[in-house]
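Undergrad: Dropping the structure in here first, questions after.
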Amino acid sequence: MMMETHTTDATWHQVSVTEATRQLGVDPVTGLSSEEAARRYEHYGPNRLNESPPRSRWLLLADQFKGILILVLIGAALLAAIIGDLTDAIVILVVVMINALLGFSQEQRAEQSLAALKKMLAPTAEVRRDGKTMTLSADALVPGDIVLLGSGDRVPADGRVIAAHSFEVDESALTGESRTVGKHVNSLAGHDVPLAERANLFFMNTIVTRGRSEMVVTATGMRTQLGLLAGMLVETKDSPTPLQVQLDHLGRRLALIAGIVVAFMLLAGLLRGEPWLNMVMTAIALAVAAIPEGLPAVVTVTLAVGLQRMARNRAMVKRLAAVETLGCTSVICSDKTGTLTVNQMTARQLYTNGQHLHVSGEGYSPGGKISGSDSGLPDLEALLMPVALCNDAQLRARKVIGDPTDGALLAVALKGGFDPTELQRHYPRIAEIPFDSEHKYQATFHLDGERVRVMVKGAPDVLLGNCKLIHGENGQQALDNTQIERIEHANEQMANTGLRVLAVAWTELPVRDFRPNGDLFVFVKDLVFTGLVGLMDPPRPEARDAIALCHEAGISIKMITGDQKTTASAIARELGIVGAVVTSAELDAMNDAQLSAGIDDMGVFTRATPEQKVRIVLALKARGHVTAMTGDGVNDAPALKTADIGVAMGLNGTAVAREAATMVLTDDNFATIVKAVREGRTIYDNIVKFVRFQLSTNIGAILTVLIAPFLGLPLPFTPIQLLWVNIIMDGPPAMALGVDPAHPDIMSGPPRKPADRILTLRRLAKLAAYGTTMMVGTLGMLWWGSQYGTKAHAQSLAFTTFVLFQVFNAFNARVDKRSTFQANFFRNRVLWLALTSVVILQVLAVQWTPAHAIFDVEKLALGDWMLATLVASSVLVLEESRKLLLRIVRS
């Protein structure tokens, strides 16, 4: 039979079963012949996802050397080697190589999403070929194959429903829709029916939860909806993190500063008549000194320590440079199902005997209770016995086997004190009418002595039409129009809060009147209405508090979901998410400019497709937002990879989402994101502390060496003394600043803007003031020592004063605007240990006779040490005085 496919993947839902099988050239009764299947396999290829060839390891390693700051450091190492300073050159190159190797190890994980997608595919499928049913590898499927599906199966390809019997599918991983989707064979009108509403189509990798069905395969491999997602993952490029961007800006500024130093030294030396070659060597040495070669190491260590702290808080970050990105995140786009909600259907409300009852607890756990008015609970047997018996699910270890809605009904029966297992044993099932989208209810028939009990659950409008009586406090009574209006009003109230509402009813008849092999539908009439059950996938208990904390921190939350507008609105209200609710159709009607212009006022996006989620993220980024995207499904993967930082769920998330994301929450807890935001802000804050400390030291050293000749003073430091300062200040104190604890109000203000520079003009001016203070104090001590002692004594005094300046300046670096003498002053034990070590080492270098030959110093008297300490403390005293004056003026 020839294949005449005139239908695109986007319109298979519009054609009838007969037309679909005709276009695909297959007889549903016999399936494809083996010869025809082989020809199609040759044409379409295997039913699996394409994989991009892996990047060369050498190219990955080369990528680590592209940052501006790294290139500046390599240039500084080459200049140091040219002037003979091999020690500095080697130290700088070792730091650069360590950085590159750490980055290389992280980058190797970046493209594992496609491999994860491949692992998710169904390994086998039950197929009809040559008139026989056989089990084949899912890879062997071709368009036109007839596939048989049953409860628990994973759909192996995209297809058109050709037969369905009480059939439902869990499509939440693809569409974000938390409810199972009933499937039918009827064609659908309209070209633009949302993916989640195409109830006559199957999609690869979704899971059958109920019934049996047959489908004809319409697309395989990369042509499936899952394949389209895989293609989007390949096309999505990783963007640099805000920190990487700022380090590049910092590298350019430092290169500019180094260039200015070289030019100034050369010009000043030539004007003074100094030898040209000597001035070139000195200028290059100072240019190298201007570059904080310890910065990449401190950044790497700070990020690594932050990564470990996040891991302890159940947030695993895969890209080292992205650890601090959450610190400047201004918007979190959160998937609803499984992220803000528990991804387990739960009964939240009951209506029986004219009372609305609240049900606590989440998911399939029996924990929780049913509560009502002060007068107490009505008799719940008439409501909860039918939902426990008219049920095909099982609960094991708080997980459901079967339909999620049935699992929720079993849980509420347990909360009401009814054990479904005992009930099913006491009232054995002897017949059933499975749920079907046509009659919209399920009925089960149970033997109770000489009588047969009929238990029914289904759509309220359908069941009410089949009810004649209602169960009340005084037993059964006639169901009149007034009572019907009350029930309809209760149903509407529950539906408007986002609940899926089921009606429950029952009846009984003598065993002698029951014919299990006859028409069972005749027994589903004159029922006794017992109540309504409202179900939903509920919000996580901790999610609301986490969202409130995000708002306090200046972070906007936007919920993106595959659910309907009513459900999404109700969840958003319960969680405290504000903003307009935008449907998929409304989103499609906007162009990119309109979406970007209105995105800040939108809070909820419903029925969003994977492509639309990417559009939302791109619109937010176009508005200058640093965007985090959370999710757990296959449908979230492209947006996770597009966002500045993708956050996947580790427990219930798909492997695709985990591999596409930058961060994985191992507890699936939205509240963990808030802890990660705090950690990200602390990391960036500590990197800035290091920059303040290191650059003020470098500026002080450069100014001191640069100005001394103009004042007729000898050089304040020998080359080995400069190297000593470089080593002890780039080492322990600098690293200790990288693990400084967060200041108390770090989460009380808005996030920093991505464009905020690490080295702003204001910050540079303040560092220049610190450097000038060090220069004046150090040269003052050099002059003082020259007046009352030898040149070696004067240089020893200047050398010691400059080192002690760094000890006091470390406290300036810790706090930018507030006083350093606050709650955190003694909390960083590592810093105190580092500074104590620096002082001890300096004492040894100056006072220990064997070290004199190395450092070219003389012993200092106790008075010299006291004077040097007093002068060095001026950098802290002056800064604290400035802050105090500003506080007084502003108050």
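The values are calculated or read from the model by the stated rules, or taken from the named source; none is laboratory data. Keep in mind the model is a prediction, meaning the values are calculated, not measured. Backbone-built Cβ (ideal geometry, glycine too); neighbour counts: all protein chains shown. To get the accessible areas, we keep the full protein, side chains included, count just its heavy atoms, and leave off ligands, DNA and RNA. Shrake-Rupley method; radii C 1.70, N 1.55, O 1.52, S 1.80 Å.
Undergrad: By how many nm would the segment from Asp588 to Asp480 grow when fully extended, if each residue of separation counts as 0.36 nm and the alpha-carbon distance is taken off?
TA: Details: separation 108, 0.36 × 108 = 38.88 nm, distance 4.62 nm.
Stretched out fully, the Asp588 to Asp480 stretch lengthens by 34.3 nm.
Undergrad: Label-point separation (nm) for Leu651 and Asp461, each offset 7 Å from Cα along Cα-to-Cβ?
TA: It is 3.8 nm.
Undergrad: Oh, and also: Between His358 and Ala597, how high is the FRET efficiency from 1/(1 + (r/R0)^6) when r is the Cβ-Cβ distance and R₀ = 45 Å? Nearest 0.05.
TA: Values: r = 42 Å, r/R0 = 0.93.
With R0 = 45 Å, the Cβ-Cβ based efficiency is 0.60.
Undergrad: For the stretch 672-704 and the stretch 165-223, what is the centre-to-centre distance using only Cα atoms, to the nearest Å?
TA: First find each Cα centre; the distance between them is then 52 Å.
Undergrad: Still on this structure, please answer the following. Keeping all protein chains in place, calculate the accessible area per residue for the stretch 684-760 (probe 1.4 angstrom), answer in Å². Don't skip to the end; give the middle numbers.
TA: On the way: 2580 Å² over 77 residues.
Result: 34 Å² per residue.
Undergrad: If you don't mind, there's one more thing I want to ask. Just tell me which aspartates and glutamates come within less than 13 Å, Cα to Cα, of Lys613; anything on the same chain fewer than 8 places away is out.
TA: Straight-line reach from Lys613, under 13 Å: Asp335, Asp588, Asp592, Asp636.
Undergrad: OK, next. Accessible area per residue, 1.4 Å probe, Å², for the stretch 598-673: what's the number? Show your work: numbers first, answer last.
TA: Numbers: 1640 Å² over 76 residues.
On a per-residue basis, the stretch 598-673 sits at 22 Å².
Undergrad: Ranked highest first by the average count of other Cβ atoms within 10 Å around their residues, in what order do 145-151, 539-545 fall?
TA: On the way: 145-151: 21.4, 539-545: 17.6.
Going from most to least packed, we get 145-151, 539-545.
Undergrad: What is the chain's relative contact order, in percent, from Cα pairs under 8 angstrom and six or more apart in sequence?
TA: Details: 1745 pairs, mean separation 108.8, N = 891.
This gives 12 percent for the chain.
Undergrad: For the stretch 323-369, just the Cα set please: Rg and Dmax, both in angstrom.
TA: 17.3, 56
Undergrad: FRET efficiency for Arg623 and Ala189, Cβ-Cβ distance as r, R0 = 51 Å, nearest 0.05? Spell out each step's value before the answer.
TA: Values: r = 37 Å, r/R0 = 0.73.
With R0 = 51 Å, the Cβ-Cβ based efficiency is 0.85.
Undergrad: When the Cα centres of the stretch 586-659 and the stretch 540-565 are compared, how far apart do they sit, in Å?
TA: Distance between centres, Cα-based: 14 Å.
Undergrad: Over 32 Å between C-alpha atoms is what I'm after, so list which of Lys621/Lys675; Lys132/Lys457; Lys525/Lys565 land there. Can you show the working numbers first?
TA: On the way: Lys621/Lys675 23 Å; Lys132/Lys457 38 Å; Lys525/Lys565 34 Å.
The pairs that break the limit, which is 32 Å between Cα atoms, are Lys132/Lys457; Lys525/Lys565.
Undergrad: Right, another one. With both partners inside the chain, how many of the DSSP beta bridges are antiparallel, as a percent to the nearest 5?
TA: On the way: 78 of 103 bridges.
Percentage antiparallel, nearest 5: 75.
Undergrad: Now a separate question. Pull up the cross-link candidates among the lysines for Lys791, meaning alpha carbon to alpha carbon under 19 Å and not fewer than 8 places away within one chain.
TA: Lys859
Undergrad: Find how many whole Å separate the alpha carbon centroid of the stretch 721-775 from the alpha carbon centroid of the stretch 359-397.
TA: Cα centroid to Cα centroid, the span is 59 Å.
Undergrad: Let me ask something else about it. What nm distance separates the two modelled labels at Leu884 and Leu844, each placed 7 Å from Cα along Cα→Cβ?
TA: 3.7 nm
Undergrad: Using the Cα centre of the chain as the reference point, and only Cβ charges (+1 on K/R, -1 on D/E), how large is the resulting charge dipole? Debye, rounded to the nearest 20. All intermediate terms of the calculation are to be shown ahead of the outcome.
TA: Numbers: 83 positive and 87 negative charges, 602 e Å.
Taking the Cα centre of the chain as origin, the dipole is about 2900 debye.
Undergrad: Something else now. Using DSSP H assignments, which helices in the chain have an axial alpha-carbon span of 30 Å or above and a mean Kyte-Doolittle hydropathy of -1.0 or higher?
TA: Working: long enough: 86-107 (31 Å, 1.72); 242-272 (45 Å, 1.22); 671-707 (54 Å, 0.70); 761-788 (40 Å, 0.32); 791-814 (35 Å, 0.47).
Helices meeting the criterion: 86-107, 242-272, 671-707, 761-788, 791-814.
Undergrad: How would you order 853-862, 486-495, 217-226, 640-649 from highest to lowest mean count of nearby Cβ atoms within 10 Å?
TA: Numbers: 853-862: 14.9, 486-495: 16.8, 217-226: 24.0, 640-649: 28.8.
Highest-to-lowest ranking by the protection proxy: 640-649, 217-226, 486-495, 853-862.
Undergrad: How much solvent-accessible surface does Thr18 expose, in Å² to the nearest 10, with a 1.4 Å probe and all protein chains in place?
TA: 110 Å²
Undergrad: Here is a follow-up. Just tell me which lysines come within less than 16 Å, Cα to Cα, of Lys883; anything on the same chain fewer than 8 places away is out.
TA: Answer for Lys883, where 16 Å is the Cα cut-off: Lys766, Lys817, listed by chain and number.
Undergrad: Sum -39500 (n - 2.57) across every DSSP H segment of at least 4 residues in the chain, then divide by the residue count to get the 222 nm mean residue ellipticity, nearest 500.
TA: -15000 deg cm²/dmol
Undergrad: Moving on to the next point. For Glu508 and Glu42, calculate 0.36 nm times their separation in residues minus their Cα-Cα distance, and state this gained length in nm to one decimal.
TA: Values: separation 466, 0.36 × 466 = 167.76 nm, distance 5.94 nm.
Separation in residues times 0.36 nm, less the Cα-Cα distance, equals 161.8 nm.
Undergrad: Taking 22 Å as R0, compute the FRET efficiency from the Cβ-Cβ separation of Ile90 and Thr718 and round it to 0.05. Could the numbers behind the result be given before it?
TA: Working: r = 20 Å, r/R0 = 0.91.
Approximately 0.65, to the nearest 0.05.
Undergrad: Report the accessible area of Trp724, computed with a 1.4 Å probe over the heavy atoms of all protein chains in place, in Å² rounded to the nearest 10.
TA: Here the accessible area works out near 50 Å².
Undergrad: Can you give me the three principal axis dimensions of the stretch 768-891 from its C-alpha atoms, in Å, biggest first?
TA: Dimensions of the stretch 768-891 along the principal axes of its Cα atoms: 52, 32, 23 Å.
Undergrad: I've got another one for you. Would you mind getting the accessible area per residue of the stretch 378-465, heavy atoms of the protein chains only, 1.4 Å probe, in Å²? Don't skip to the answer; put the middle values down first.
TA: Numbers: 3630 Å² over 88 residues.
Heavy-atom accessible area per residue stands at 41 Å².
Undergrad: If you don't mind, another one. If packing is taken as the average number of other Cβ atoms within 10 Å across a peptide's residues, how do 785-793, 800-808, 196-204 rank, most packed first? Walk me through the numbers on the way to the answer.
TA: Details: 785-793: 14.8, 800-808: 25.2, 196-204: 22.9.
Ranking, from highest mean packing down: 800-808, 196-204, 785-793.
Undergrad: Over the chain, with every protein chain in place, what whole percent of the accessible area is carbon and sulfur at 1.4 Å, could you tell me?
TA: Numbers: 21780 of 37070 Å².
C and S fraction of accessible area: 59 percent.
Undergrad: Subtracting the Cα-Cα distance from 0.36 nm times the residue separation, let me have the gained length for Ser375 to Arg829 in nm, one decimal. Write out the running numbers ahead of the final one.
TA: Working: separation 454, 0.36 × 454 = 163.44 nm, distance 6.00 nm.
Full-extension gain reported as 157.4 nm.
Undergrad: With the dipole of the stretch 746-891 worked out from charges on the C-beta (+1 for Lys and Arg, -1 for Asp and Glu) around the Cα centre, which of Met775, Ser819, Ser873 lies farthest toward the positive end?
TA: Ser819
Undergrad: Where a ≥ b ≥ c are the square roots of the eigenvalues of the C-alpha gyration tensor, would you call the stretch 688-770 rounded, which needs a/c under 1.5, or, failing that, prolate if a/b is larger than b/c, or oblate?
TA: It comes out oblate by the Cα gyration axes.
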